Amino acid sequence: MKLRPLHDRVGIVLPGSAAEKANHGVILAVGPGKALENGEVRALSVKEGDKVVFGPYSGSNTVKVDGEDLLVMSENEILAVIEG
């Protein structure tokens, strides 16, 4: 099964089974972008494979796909991309 987020949402693979809610993960899939009022679509600034940090209350939509827990959230809930 494959996840295809819509609009400005991303699907994030959560690392392992942590006791606390994770605050980071790897982007598995991204939507096409944010629809602007003028009808244009602004591309996302994150991409598949990016390791990202998000807030403790971000993304309340967790789904299980092929045995993995995935978190679906809007790009604006992502705080940072971890580089390096």
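The values are calculated or read from the model by the stated rules, or taken from the named source; none is laboratory data. Keep in mind the model is a prediction, meaning the values are calculated, not measured. Reconstructed Cβ throughout: ideal geometry from the backbone, glycine too, with neighbour counts over all protein chains shown. SASA here: full protein model, heavy atoms, side chains in, ligands and nucleic acids out. Shrake-Rupley method; radii C 1.70, N 1.55, O 1.52, S 1.80 Å.
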For V81, indicate whether it is modelled with pLDDT of 85 or more, closer than 20 Å to K2 by Cβ and either aliphatic (A, V, I, L, M) or open to solvent by 80 Å² or more (accessible area, probe 1.4 Å) (or both).
-> no
Only one of G49, G16 is modelled with pLDDT of 85 or more and either assigned to a helix (DSSP H, G or I) or open to solvent by less than 80 Å² (accessible area, probe 1.4 Å) (or both); which?
-> G49
Enumeration of residues in region 53-84 that are touching a Gly at 6+ places or on another chain (Cβ under 8 Å) and among the charged types (D, E, K, R) = E77
State whether the residues of region 40-60 include one that is hydrophobic (A, V, I, L, M, F, W, C) and more than 19 Å from H24 (Cβ to Cβ).
-> yes
